[in-house]
Amino acid sequence: MSDSSQRFLFEDLDLRGEVVQLDETLKTACANHSYPAAIARLLGEGMAAAALMRATIRTDGTLTLQVEGEEGAAVSMVLVHADPEGTLRGTVRYQGEPREGGLARLCGAGRLAITIEPENGQRYQGIVGLDENGLAATLEGYFHDSEQLPSRLHLACDGERAGGMLIQQLPPESRSVVERERDPDAWARIGYLAETLSDRELLERDHHEILHRLFHQETVRVFEAQPLAFRCRCSGDRIAAVLRGLGREEVEQVLAEEGAVEVRCEFCGARYRYDSVDVAQVLADVAAAPGSDSYH
Ligand SMILES: [Zn+2]
């Protein structure tokens, strides 16, 4: 199975869809972390969801999906960034060794924030409470409340692979079917067919097979699939900027106690180590960021 996002359209029904499948992307996101299975599943669902959401927006911006757990919950945060180029990165902050449980059990009565940051233009953020039925139900609520778009989502993850499918009414400005010619049963029929998709099919069959199995009696236009991959944006420069943001006093205190300052990227797990010479250089060079590839 390849990592991709596949757009499709029921042209004469004014409905759109997207199938996302993640394999290497999720494995890479989990590679340098020892996530318990329940946490890896949560991350996988979050990454599939972010890729689906990213595919529905028309701007070029980055989409961030951020789940914040209730105070004291096993999971305090699930954070996923999805870029228009098809790259994803994500991480989960948790405590203890949660063994099982979905979103509601792991995060309690938390909330979900969707943030879209276009290259140019206004940043947008929508926030909804977590639905006890999981992330897919939470996002259906988000689409309903913030965009008034009837949507059906299916998310699945077995800890190694993740998948998602979205079926959604087109926004009013994109609809092409005149009202009197609209099929009144379309939403119910397509929704019923979509509901027959099993988690296993979503994780094991490729998107052509899935679309054929579900919708072979419908007229479906299938677009070119977009490849997806994990990519982290951390770098020596970015970590140095974080250290400068912490301030001289705190950084020098860690240096004195530990002999070096070590920072671990929470997305890819890369370690950045700064000895006393490096730290002096980072702190001295406040105006211009040092070229710090040597810190890798
Ligand atoms: Zn990184």
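Which of 243, 129, 31 sits closest to the plus end of the dipole of the chain, meaning its Cα is farthest towards the positive end, when Lys and Arg get +1 and Asp and Glu get -1 on the C-beta?
31
Give the order of 87, 25 when sorted by the count of other beta carbons within 10 angstrom, beginning with the fewest.
So the ranking, lowest neighbour count to highest, is 87, 25.
Please list, in order along the range 68-85, the HN-Hα scalar couplings obtained from phi with the Karplus expression 6.51 cos²θ - 1.76 cosθ + 1.60 (θ = phi - 60°), rounded to whole Hz, x for Gly and Pro.
Going residue by residue, I get 10, x, 5, 3, x, 6, 4, 10, 8, 7, 10, 10, 9, 10, 10, 9, x, 6 Hz, with x marking Gly and Pro.
Scanning the chain for helices, which whole DSSP H stretches are 27 Å or more long along the axis (Cα) and average -0.5 or more by Kyte-Doolittle?
What comes out of the filter, once short or polar helices are dropped, is 37-56.
Just want the ordering: 78, 242, from fewest to most Cβ atoms lying within 10 Å of their own Cβ. Present the calculation step by step, with values, prior to reporting the outcome.
Working: 78 29, 242 14.
With the sparsest Cβ surroundings first, the list reads 242, 78.
Summing Lys, Arg as +1 and Asp, Glu as -1, what charge do residues with Cβ under 14 Å from the Cβ of residue 127 carry, residue 127 excluded?
For residues surrounding residue 127, the net value is -2.
Loop-only trypsin sites (Lys or Arg not before Pro) in the range 182-230, please: DSSP not H, G, I, E or B, and at most 15 other Cβ atoms within 10 Å.
Within the range 182-230, the qualifying trypsin sites (Lys or Arg not before Pro) (loop, at most 15 other Cβ atoms within 10 Å) are 182.
Per the Kirkwood formula on distinct C-alpha pairs, the Rh of the range 118-165 is how many angstrom?
About 12.4 Å for the range 118-165.
Over the chain, what per residue volume does the convex hull of the Cα atoms give, in whole Å³?
146
Can you give the helix-only mean residue ellipticity at 222 nm for the chain, where every DSSP H stretch with n ≥ 4 adds -39500 (n - 2.57) and the sum goes over all residues, rounded to the nearest 500 deg cm²/dmol? Please report the intermediate quantities before stating the final value.
Values: 10 runs with 97 residues, N = 296.
Calculated at 222 nm, the ellipticity per residue is -9500 deg cm²/dmol.
Could you check which residue among 59, 138, 219 shows the biggest mean-square fluctuation in a GNM of the chain with a 10 Å Cα cutoff?
219
How about the range 194-269: which GluC sites (Glu not before Pro) there lie in a loop by DSSP and see at most 11 other Cβ atoms within 10 Å?
224
Between the range 4-64 and the range 77-93, what is the C-alpha centre distance in whole Å?
9
Values quoted throughout were computed directly from the atomic coordinates according to the rules given, and no laboratory measurement underlies them. Just so we're clear, the structure is a prediction, and the values are computed from it rather than from any experiment. So basically every Cβ, Gly included, is an ideal-geometry build from the backbone, and we count neighbours across all protein chains shown.
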